[in-house]
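The values are calculated or read from the model by the stated rules, or taken from the named source; none is laboratory data. Since we're looking at a predicted model, the values are computed, not measured. Quick reminder, even Gly has a Cβ in these numbers, built from the backbone with ideal geometry, and neighbours come from all protein chains shown.
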Amino acid sequence: MPRGDKEGYARQTLENFRLFGAPHVAILTSDPGLGPYGAVDVGGYVQVLLLAMQAHGLAAIAQAAPANYSALVKHELEIPQERLMVCGVSFGYEDTEHPANSYRTSRAQLAQAVRFVDA
Ligand SMILES: Cc1cc2nc3c(=O)[nH]c(=O)nc-3n(C[C@H](O)[C@H](O)[C@H](O)COP(=O)(O)O)c2cc1C
């Protein structure tokens, strides 16, 4: 997709709502009584889930976008409305022919992400 292709970006954003073509999605929720730490725990769980899926040859994408429609998702999947939906993880076997799947994101350098302070 060329840089600045607004229509292309919009189309790709909409892919969130067809789970990027994945056949399955796990919905991760937390007990709102746990406050922000419940969501932090879910974050750790997501990381391990993604690594476990990768280790088993599955492709997966964490998705916060469906949480914007959490009431609908919870209704459809019979998840109690009081649960806090943190995100989804869509997964399946990778379509290696799809151009989007050859895209690789870059990683920030350590110094850009961490500030070391001498005590
Ligand atoms: C909690 C969480 C939520 C995310 N939500 C979305 C999302 O809604 N839509 C999306 O396109 N990418 C989302 N991402 C980013 C993709 O999961 C990620 O960039 C993609 O899988 C590429 O992985 P990579 O950066 O390791 O290459 C999210 C990531 C995390 C950790």
Out of contact with any strand residue (DSSP E or B) (no Cβ under 9 Å at 6 or more places or on another chain) and outside any helix (DSSP H, G or I) - does that describe any residue in the stretch 86-95? no
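On the given criteria, is SER106 under 18 Å from the mean Cα position of the chain (by Cα), in contact (Cβ under 8 Å) with a residue 60 or more places away in the chain and within 15 Å of the ligand (Cβ to nearest atom)?
When the stated conditions are applied, SER106 does not pass them.
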Would you mind telling me which numbered condition in (1) more than 12 Å from the ligand (Cβ to nearest atom); (2) surrounded by 13 or more Cβ atoms within 10 Å (Cβ to Cβ) GLY33 fails? (2)
Cross-chain or 6+ apart pairs with Cβ under 7 Å, the stretch 1-16 first and modelled with pLDDT of 90 or more and β-branched (Val, Ile, Thr), then surrounded by 12 or more Cβ atoms within 10 Å (Cβ to Cβ) and in a helix (DSSP H, G or I): none
Hey, does the stretch 59-69 have a residue that's more than 12 Å from the ligand (Cβ to nearest atom) and either part of a strand (DSSP E or B) or at negative phi (or both)? no
Members of the stretch 82-119 found to be surrounded by 10 or more Cβ atoms within 10 Å (Cβ to Cβ), of a type in the set (Val, Ile, Thr) and at pLDDT below 95, listed by number: none
Flagged in the stretch 1-45 as of a type in the set (A, V, I, L, M), within 26 Å of GLU94 (Cβ to Cβ) and part of a helix (DSSP H, G or I), in numbering order, are ALA10, LEU14, LEU19, VAL42
Picked from the stretch 39-61 (must be buried (at least 17 other Cβ atoms within 10 Å of the Cβ) and small (Gly, Ala, Ser)), the residue farthest from GLU15 (Cα to Cα) is ALA59
Does at least one position in the stretch 63-80 carry a residue that is crowded, with 17+ Cβ neighbours inside 10 Å and in contact with a Pro (Cβ under 9 Å, 6 or more places away or on another chain)? yes
